[in-house]
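Here's the structure, in structure tokens; my notes come after.
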Amino acid sequence: MKRPISFDLNGRRVTLDADDGRTVLWVLRTDFALTGTKYGCGEGVCGACTVTVDGKAVRSCLIHLKDIERRRVLTIEGLAHNGELHPLQQAFLEHGAFQCGYCTSGMLLSAAAFLREIPNPSREAIVSHMERNLCRCGAHQRIVAAIESAARRMSGPS
Amino acid sequence: MVGGGIVVFVSLGPTALFAQEGANRLFVYPKDYNAYLVIGKNGRVAVFSGKIEMGQGVLTSQAQMVAEELGVSLASIDMVLGDTDKCPADMGTFGSLTTRMFGPVLRAAAAQARVELVALAAQKLRAAPDSLLVEHGTVFVAGQPRRRVSYGELSRGAKIVRTVQSDAILRSASEFQVMGASPRRLDGLEKVTGAAKYAADIRVPGMLYARLLRPPTHGATLLQLDTSGVEHLPGITLINHGDLVAVLHTDPEAAEDALGRIKTLWQGSATKVDPESIHERLVSQAATLKTLAKRGNVAAVRSNVKHVFEATYKKGYLAHAALEPHAAIAQIREGRATVWASTQTPFPTRDKIAKALGWDPMQVRVITPFVGGGFGGKSADGQAIEAARLAQITGKPVQVAWSRSEEFFNDTFDPASVVKIVSGIETSGRIALWDSVVYSAGERGAVACYDIPNVLFRSSGGASYGPPGPQASLHPFATGPWRAPGANMNVFAIESQIDMMASAVDEDPLAFRLRNLNDPRMRRVLQAAADAFGWQPAAAPSKRGVGMACNIDAGTYVATMAEIKVDAASGRVQVIRMVCAQDMGIVVNPEGARMQIEGGITMGLGYTLAEELRFLGGDILDRNFGTYEIPRFSWVPRIDAVFVKNDDLAPQGGGEPPITTTGAVIANAIFDATGARLYRLPMTADRVRLAIAALSADCSKSFSTPA
């Protein structure tokens, strides 16, 4: 059904007059030209489309506009704050935790939501959580190291 | 020549080894260094390269090469990649050739430009050229830093005219300040912030998103087409040009929905070959065998040799499964087509588009944004041609972005293959004979690197670098190059056979290999791997679950060792750790090279343990990651990369060598852990479990036939 739908997008309130059954991935990429969130499989298997909704990681290829109404949506474009990179982004750079970069947005959002829930994860917990995100280039080893690094930085001096 | 030698700046054209299908033109690099770099008045250096960045790191490594030879800071370089209007024509990014083949050209261009700039500076500063030093794009008189002039002032943004007679000398490894280091990747910031653009991210005003009608199976014929369901949908453009049926809309979901409303009736093709019957067909229908190497007399020796081993190795089809599906957007304006495409081969893509449009190649511009993984699978360029044709037909900019299902369906798969080996050893443990035939994998890695007096290496068929060639009837769908094409299978076969023989004579796998090769480079690499791994000599199977494999690929020598655990009940293999030692000559970017090792090995675990396309004739049964399993986080072992220093050798290949030994090293580790040898890739849990079970059912199994 076509109607105005409001939600918070990367800290800004937006309203879109559109069919509430439209898939969020395509709304982000097309209506908002936020192309950092990627299409990888369209079935929620690869995680390249991961965004967070109210802090929880969600596969945007599987949800619709009505599902994000009045919620807070964060995409890769909103991860950095006032020009300052999120510790995860910083850690990915330091560890070279990417190659082609296509899975990277999804990895970062998935990891960001994870660290919100579990700020001091073990390596096993990181691997187990990230298992649901695919990377074809093989940056896994460095992604895990980057997440560990960011977790340490984010939880502050101990 | 690198190091102390004078560089002769010649046009490096591709040899037959790098020939590409369908290209009616040779890609020959320009002699004029101005084709590769332009220094702006502000001192920023634009570098032009026909190579593209798909994760392998050449954006950064090429910049390093220019920074090094030109004498400018890395930060002052702006890389322009894969733009057919701006960059020197190039056959494409594949074969681990960027560093090896284009690297010397780029370095020579930068070095020559530096020599010319110093000559210009000498005039300007009224100083002898050999009294001048260069640092960060500024030329100054040694000891008198105030007497200086910048590259920007010298070039004034214009071409640098050649005045110096002699050719520049490339810097040697001992002089390196930028090459040989591991600066942060130049594409990093864009990739971690989502700013990096891939082909499907390009937006052009007025663009339409297209969805194309596809056959349900390869070889199917369209019998009936009913588009009445879409003809009156608001905002939908329907194109029906016989071979090209598409729906377009400003909203990609609306286009997808419209596609679903087209009714079709197809006739399937008769071929019913499947993953189990394909191997017999590859052998029985193989084209004439080509001899790759021949020494001595294998037939004569066979009857005299102490132990003879005969084995047949098999492998299925592999999908590239890059995370970014093929995408392109085409815009036609004032008689020119501009196409942004996800491709490894922008120049051949340009030519193919021109041909499809009926235009001259100069009327087409291909721009290559970041590519989300290629692995050899993004060189057929179907999507770019589709986008261009639809743009021509509709008069609007058109994006064609394949769905994951189309990505699997339209893939140019790594071909299924069979390798048959007959080998023999003397009681001394010296390999006396090797007679092998490779069916369909191709020649790469097919000739073993060991010192064997009697050999016959033959091959039939192999992946083509493009649309199906004469071997097309052999495979029910298109095949093409897949990271180190053919080498993964060939090395699996060779190194398994080597390992089998070592075990038969109760010799440690490393000692057996060293006994049978004298090549000092390979011996060094094997030793480096052993030292880093902590290899403890013991004959396999030792129940420890350790294995090794070695190979020469793209000029790089590689030796890999692995430690695994096998759960006999399930057959599941867990790789604990791997060491990969490489001699790749001068290492341009050590961290980048390490990433390629980690990436190659990780990707390799896919073909090793799980990946095999399911199909029935032209019906591709795997259409998403749910059924075609690629390596995940939990699969990845600890991977340690070791570089054997060899600065006397120009930089060799980095993108492919590491993946080639993965299948072999794991196969050998499985044998060591369980005593079960697998002859077929992938070594799925089911197959491992069955192989282990077969052992206990057949304790008297012997694979050595005494003469």
Subject >> Hey, B:Val419 of a type in the set (Val, Ile, Thr), touching a residue at least 40 places away in the same chain (Cβ under 8 Å) and more than 14 Å from every other protein chain (Cβ to nearest Cβ) or not >> reply: yes
Original post:
For the range B:97-110, does any single residue satisfy the condition of being in contact with a helix residue (DSSP H, G or I) (Cβ under 7 Å, 6 or more places away or on another chain), outside the structural domain of B:Val371 (by TED's automatic domain parsing) and farther than 22 Å from B:Ala593 by Cα?
Top reply: yes
**OP:** Check off (1) more than 14 Å from chain A (Cβ to nearest Cβ); (2) of a type in the set (Asp, Glu); (3) buried (at least 24 other Cβ atoms within 10 Å of the Cβ) for B:Glu598 and give me the number that stays unchecked.
**Re:** (1)
Original post:
Which residues, counting only those in the range B:228-256, are away from chain A (no Cβ under 12 Å), assigned to a loop (DSSP other than H, G, I, E, B) and within 38 Å of the chain's Cα centre (by Cα)?
Top reply: B:His241, B:Gly242, B:Asp243, B:Leu244
Original post:
Among (1) within 8 Å of chain B (Cβ to nearest Cβ); (2) surrounded by fewer than 17 Cβ atoms within 10 Å (Cβ to Cβ); (3) touching a residue at least 40 places away in the same chain (Cβ under 8 Å); (4) of a type in the set (D, E, K, R), where does A:Arg142 come up short?
Top reply: (2)
Subject >> Residues that are more than 11 Å from B:Val644 (Cα to Cα) and touching a Ser or Thr at 6+ places or on another chain (Cβ under 9 Å), drawn from the range B:558-571 >> reply: B:Thr560, B:Ala562, B:Val566, B:Ala568, B:Gly571
Original post:
Restricted to the range B:620-676, and to residues that are facing chain A (nearest Cβ under 10 Å) and in a helix (DSSP H, G or I), which residue is nearest to B:Met584 (Cα to Cα)?
Top reply: B:Pro658
**OP:** State which residue pairs qualify: first residue within 20 Å of B:Glu68 (Cβ to Cβ) and inside the range B:114-142, second residue crowded, with 21+ Cβ neighbours inside 10 Å and of a type in the set (Phe, Trp, Tyr) in any location, beta carbons under 6 Å apart, and separation of 6 or more residues or different chains.
**Re:** B:Leu117/B:Tyr151; B:Gly137/B:Tyr151
**OP:** Please identify the pairs in which a residue from the range B:145-160 that is free of Cβ contacts under 8 Å to residues at least 24 places away in the same chain and on the phi > 0 side of the Ramachandran plot has its Cβ atom under 8 Å from the Cβ atom of a residue that is buried (at least 17 other Cβ atoms within 10 Å of the Cβ) and not small (Gly, Ala, Ser), counting only partners at least 6 apart or on another chain.
**Re:** none
Original post:
Listed residues B:Leu186, B:Leu117; which is more than 30 Å from A:Gly83 (Cα to Cα) and surrounded by 15 or more Cβ atoms within 10 Å (Cβ to Cβ)?
Top reply: B:Leu117
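Let's see how each residue does on (1) in contact (Cβ under 8 Å) with a residue 60 or more places away in the chain; (2) over 30 Å from B:Arg632 (Cα atoms); (3) in a helix (DSSP H, G or I); (4) not assigned by TED's automatic domain parsing to the domain that holds B:Gln392:
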{"position": "B:Ala258", "(1), (2), (3), (4)": "no, yes, yes, no"}
{"position": "B:Val283", "(1), (2), (3), (4)": "yes, yes, yes, yes"}
{"position": "B:Ala286", "(1), (2), (3), (4)": "yes, yes, no, yes"}
{"position": "B:Gln331", "(1), (2), (3), (4)": "yes, yes, no, no"}
{"position": "B:Val339", "(1), (2), (3), (4)": "no, yes, no, no"}
{"position": "B:Gln344", "(1), (2), (3), (4)": "yes, no, no, no"}
{"position": "B:Asp351", "(1), (2), (3), (4)": "yes, yes, yes, no"}
**OP:** Considering each residue of the range A:25-47, count those that are of a type in the set (A, V, I, L, M, F, W, C), part of a loop (DSSP other than H, G, I, E, B) and touching a residue at least 12 places away in the same chain (Cβ under 8 Å), and give that number.
**Re:** 5
**OP:** Hey, could you check the range B:362-385 for residues that are in a helix (DSSP H, G or I) and over 22 Å from B:Glu334 (Cβ atoms) and say which is farthest from the other protein chains (Cβ to nearest Cβ)?
**Re:** B:Gly382
Subject >> Failed item in (1) more than 9 Å from chain B (Cβ to nearest Cβ); (2) more than 13 Å from the chain's Cα centre (by Cα); (3) in contact (Cβ under 8 Å) with a residue 40 or more places away in the chain; (4) over 24 Å from A:Ser149 (Cβ atoms), with A:Arg22 passing the rest >> reply: (1)
Subject >> Qualifying position, being in contact (Cβ under 8 Å) with a residue 12 or more places away in the chain and assigned by TED's automatic domain parsing to the domain that holds A:Leu28, among A:Glu69, A:Glu148 >> reply: A:Glu69
**OP:** For the range B:386-410, enumerate the residues that are of a type outside the set (Ser, Thr, Tyr), assigned to a loop (DSSP other than H, G, I, E, B) and within 13 Å of another protein chain (Cβ to nearest Cβ).
**Re:** B:Trp402
Original post:
Here are B:Ser428, B:Ser460, B:Ser417, B:Ser473: which of them is of a type outside the set (A, V, I, L, M) and modelled with pLDDT of 95 or more?
Top reply: B:Ser417
Original post:
On the given criteria, is A:Asn82 buried (at least 18 other Cβ atoms within 10 Å of the Cβ) and either within 11 Å of another protein chain (Cβ to nearest Cβ) or more than 15 Å from A:Cys46 (Cβ to Cβ) (or both)?
Top reply: no
Original post:
So B:Thr271 clears everything in (1) surrounded by fewer than 17 Cβ atoms within 10 Å (Cβ to Cβ); (2) away from chain A (no Cβ under 14 Å); (3) of a type in the set (Ser, Thr, Tyr) except one condition, right? Which one?
Top reply: (1)
**OP:** Report yes if B:Arg689 is basic (Lys, Arg) and either within 14 Å of chain A (Cβ to nearest Cβ) or in contact with a helix residue (DSSP H, G or I) (Cβ under 6 Å, 6 or more places away or on another chain) (or both), otherwise no.
**Re:** no
**OP:** Could you please find all residues in the range B:542-556 being in contact with a Leu (Cβ under 9 Å, 6 or more places away or on another chain) and part of a strand (DSSP E or B)?
**Re:** B:Met548, B:Cys550
Original post:
Here are A:Gly83, A:Gly106: which of them is at positive phi and either more than 10 Å from the chain's Cα centre (by Cα) or touching a residue at least 24 places away in the same chain (Cβ under 8 Å) (or both)?
Top reply: A:Gly83
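Table: residues versus (1) buried (at least 20 other Cβ atoms within 10 Å of the Cβ); (2) at pLDDT 95 or above; (3) aromatic (Phe, Trp, Tyr); (4) touching a His at 6+ places or on another chain (Cβ under 7 Å).
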{"residue": "A:Leu25", "(1), (2), (3), (4)": "yes, yes, no, no"}
{"residue": "A:Phe32", "(1), (2), (3), (4)": "no, yes, yes, no"}
{"residue": "A:Gly44", "(1), (2), (3), (4)": "no, yes, no, no"}
{"residue": "A:Thr52", "(1), (2), (3), (4)": "yes, yes, no, no"}
{"residue": "A:His64", "(1), (2), (3), (4)": "no, yes, no, no"}
Original post:
Does any residue of the range B:71-79 turn out to be assigned to a helix (DSSP H, G or I) and crowded, with 23+ Cβ neighbours inside 10 Å?
Top reply: no
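Matching residues to (1) surrounded by fewer than 16 Cβ atoms within 10 Å (Cβ to Cβ); (2) within 30 Å of B:Phe615 (Cα to Cα); (3) more than 14 Å from chain A (Cβ to nearest Cβ):
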{"residue": "B:Arg156", "(1), (2), (3)": "yes, no, yes"}
{"residue": "B:Thr163", "(1), (2), (3)": "yes, no, yes"}
{"residue": "B:Ala173", "(1), (2), (3)": "no, no, yes"}
{"residue": "B:Val178", "(1), (2), (3)": "no, no, yes"}
{"residue": "B:Gly194", "(1), (2), (3)": "no, no, no"}
{"residue": "B:Pro205", "(1), (2), (3)": "yes, no, no"}
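The values are calculated or read from the model by the stated rules, or taken from the named source; none is laboratory data. The structure displayed is predicted, hence computed values, not measured ones. Neighbour counts are summed over all protein chains in view; Cβ atoms, including those assigned to glycine, are modelled from backbone coordinates with ideal geometry.
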